[in-house]
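Read the structure below first, then the notes.
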Amino acid sequence: MDDCIFCKIASGAIPSAKVYESGRVVAFLDANPMSEGHFLVVPKTHWRDLAAVPAGAAAAADDAATIAEVWQVVAAGVAAAVEVFGGGANVLQCTGEEAGQTVPHLHVHVIPRPKGGETPPQFSSGAFRYASDEARAATAAKLDAAIAKRMQP
Ligand code: AMP
Ligand code: ZN
């Protein structure tokens, strides 16, 4: 999809603070984080949203492998968020404008909820601001390492 921002991130045409990447899936920090380390897990296949993903017999083996990896990265990412920030995490997927979807390429939000933070759910974009680009890069690097550890074959 030529005009899709997440396809452009997946192909590397637009930069992002990646925390995981394989041939099928990319994960990167959200540009308007709800908390420190808030990131998105995105299949490189362009599906509009979760409702557009083929399931059961309609799913080619390749599609099934992509979805399986998306959820493995979500699980690894939640575990990584707990390790890196303590506390817990919210997982959010918005399908459709009515649900708040703003980017029409499937993505799953992983939102770390550190101990002692504001009472969750704190679903307000921009609630967290990185002190600097370096602080943001350091956060991405910590998540990248923690996810990579869990995604080893
Ligand atoms: P949703 O409302 O579930 O569709 O979420 C879309 C998310 O994508 C929002 O949280 C945006 O902050 C985020 N977003 C949009 N463009 C970018 C970008 N270029 N890099 C990182 N995150 C982005
Ligand atoms: Zn796309």
Partnerless cysteines, meaning none of the other Cys C-beta atoms lie under 4.7 Å away, in the chain | CYS94
Relative contact order computed over the range 54-135 (Cα-Cα under 8 Å; 6+ residues apart), in percent = 25 percent
Put a dot 7 Å past each Cα toward the Cβ at VAL82 and GLN152; how far apart are the dots in nm?
-> 2.0 nm
With each pseudo-label sitting 7 Å past Cα toward Cβ, what's the ALA68-ALA127 distance in nm, one decimal?
-> 3.5 nm
Simple SL model, points at 7 angstrom along Cα→Cβ for ASP3 and ALA61; separation in nm is 3.7 nm
Most positive-pole-ward Cα, GLY88, TRP71, VAL108, against dipole of the range 5-151 from beta carbon charges | GLY88
Which of the trypsin sites (Lys or Arg not before Pro) found in the range 57-153 are loop residues per DSSP with 15 or fewer other Cβ atoms within 10 Å of their Cβ?
-> LYS115, ARG129
Expressed per residue, the solvent accessible area of the chain in Å² (1.4 Å probe) is about 52 Å²
Neighbours of LYS149 by Cβ distance under 12 Å: Lys/Arg at +1, Asp/Glu at -1, summed charge 0
Summing -39500 (n - 2.57) over the DSSP H runs of n ≥ 4 in the chain and dividing by its residue number, what mean residue ellipticity at 222 nm do you reach, to the nearest 500 deg cm²/dmol?
-> -11000 deg cm²/dmol
Taking 0.36 nm per residue of separation and subtracting the Cα-Cα distance, what length does fully extending ALA99 through ALA138 add?
-> 10.9 nm
Give me the percent of the accessible area of the chain that comes from carbon and sulfur atoms, probe 1.4 Å, all protein chains in place.
-> 54 percent
When the label point is put 7 Å from the Cα of ALA31 along its Cα-to-beta-carbon vector, which residues of the range 87-115 have a backbone N closer than 15 Å?
-> 102-105
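Let me know the charge dipole size of the chain about its Cα centre in debye, to the nearest 20, where only the beta-carbon of Lys, Arg (+1) and Asp, Glu (-1) is charged.
My answer is approximately 400 debye.
The values are calculated or read from the model by the stated rules, or taken from the named source; none is laboratory data. As the structure is a computational prediction, the values presented were derived from the model and not from experiment. Every residue, glycine among them, receives a Cβ derived from its backbone with ideal geometry; neighbour counts consider all protein chains shown. Accessible surface is based on the protein model in full, side chains and every heavy atom, while ligands, DNA and RNA are left aside. Shrake-Rupley method; radii C 1.70, N 1.55, O 1.52, S 1.80 Å.
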